[in-house]
Structures are given as structure tokens and as C-alpha cells.
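Inspection log for the structure reproduced underneath, given as C-alpha cells.
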Amino acid sequence: ARFIEATLRSVLDQNYPSLELIVMDAGSTDGTREILTRFGPQLSYWESVRDRGQSHGINKGLARMTGDIWCYLNSDDLLCPGSLARVAEVFRDPSVEWVGAVSAIIDDGVTRGTVTPEEPASLKEVITPWSRSVEHVFPCSNVCFMRRSLYEQLGKFDESYHYSMDMEYYTRALFAGHKLTRIPDEIGRA
């Protein structure tokens, strides 16, 4: 509850046309449900019921999507103003299937650094982080956008992962031959 309203506003205040905002809450008892009820008319769908963990919640949300481009945010992630328009601009190129940008890392409102995804020298570096030529191969999930066709090909997030499920998914995408288009813009805060 402490963060969810700011997260929702960071998306809704972009006034992006045809936005589909789906919220999957795992039955929080901290006031989140009341906030979601208040925002309900602006949401495409929301629920607050127990699930089997974060990956399961993401999968349930993705199963409900109807749009062509998707991204997921955690309850304390933010999108920067204009980020959805910027991402849409990049996706106007039909060959782009996956976009990753820069995210600031925040802690109690203080920026602690950024995650800037860079092209690794080889695919081997993706699975050997101890010997990479770059610091970050993948973007944070809050600034990672994919076409629906990738989800349809790759399938669901692996629910055996409670953390790093995004890294596993992105690795799966790379090894399936999908190209990450990196943009230098800071469009989110995590």
C-alpha cells in the first residue's frame, strides 16, 4: 500500500491512449485493496486474491492482456513521464520486438544508481555474469517491453522462480533468437 498509488499514477498520468492496466495483487492486507478499489474505474482489470507467488501473479496478468505490447511493474516501480510514448515510438518499427531502456534504482526516494543494459560480447556472457564485458545485459523489468508475439512463442514465466524470473525469461528470449533493442533513455525508476 505504501507504493502502489504512486505506481498506478506513474502509468495512468501518462494519458496514453488504449492503455490496458491490469493489476494482480496477492491478497494484500495492508490497505492495497482499498487503493485498488478507488482506482478500479481506471483499471482494465484488477484482483486481490492469494496466488502461488510473484511469477504466478505475472502469468495471470499476462493471460488477460489483449494488447500487442506488454510490460509488468512491481508495486514499487515507476514509469517516468512520457515513457509510454517513447516506447511506442520505438515499436513503430515492425522489426522491433523487444525494447529495454535505462532505469534509475531508488531507495526511499534517493537515486542509488542506474541499470543501463548493454550488448554483451557474446551469448556466453549472458549466462556467465562473472566474466562479462558489460555490467548489465538486461534492463530492469519496469523498463522492458515486449511484443505479444514473444509471449506467445516463449510462454509463461517459470513459476519455480520466485526471484530472477525476469532474467530467466529474457535469457530464454535471447537464446530463442529474439533481439533486444536498447534505448539510452531513462524511462523508469525501480
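The values are calculated or read from the model by the stated rules, or taken from the named source; none is laboratory data. Remember, predicted model here, so these are calculated numbers, not experimental data. With ideal geometry, Cβ positions are generated from the backbone for all residues, glycine too; neighbour counts draw on all protein chains shown. All accessible areas refer to the heavy atoms of the entire protein, side chains included, with ligands and DNA or RNA removed. Shrake-Rupley method; radii C 1.70, N 1.55, O 1.52, S 1.80 Å.
Within segment 60-78, the set of residues being of a type in the set (A, V, I, L, M, F, W, C) and open to solvent by 50 Å² or more (accessible area, probe 1.4 Å) comprises Ala63, Ile69, Leu73. Applying a threshold of 6 Å to beta carbon distances and a minimum spacing of six or more residues, or different chains, the list of pairs starting in segment 1-24 at a residue that is part of a loop (DSSP other than H, G, I, E, B) and ending at one that is open to solvent by 60 Å² or more (accessible area, probe 1.4 Å) and not β-branched (Val, Ile, Thr) reads Ala1/Asp30; Phe3/Ser75; Phe3/Asp76; Glu20/Ser44; Leu21/Ser44. Remark: pairs (first residue in segment 80-98, within 25 Å of Arg172 (Cα to Cα); second residue part of a loop (DSSP other than H, G, I, E, B) and among the β-branched types (Val, Ile, Thr); Cβ separation under 7 Å; 6+ apart in sequence or on different chains) = Val90/Val96. If you go through segment 125-161 and pick out every residue that is in contact (Cβ under 8 Å) with a residue 40 or more places away in the chain, among the acidic types (Asp, Glu) and within 24 Å of Ala88 (Cα to Cα), you end up with 0.
Does Arg64 qualify as being closer than 29 Å to Ser149 by Cβ and at pLDDT 95 or above? Answer is yes for this residue. Taken over segment 99-130, the criterion of being hydrophobic (A, V, I, L, M, F, W, C) and in contact with a strand residue (DSSP E or B) (Cβ under 7 Å, 6 or more places away or on another chain) is satisfied by Val99, Ala101, Val102, Ala104, Ile105, Ile106, Val115. The number of residues in segment 109-141 that are open to solvent by less than 70 Å² (accessible area, probe 1.4 Å), over 16 Å from Asp166 (Cα atoms) and in a helix (DSSP H, G or I) comes to 2. Ser48 meets the conditions (1) in contact with a Lys or Arg (Cβ under 7 Å, 6 or more places away or on another chain); (2) under 22 Å from Tyr169 (Cβ atoms) in every case but one. The failed one is (2).
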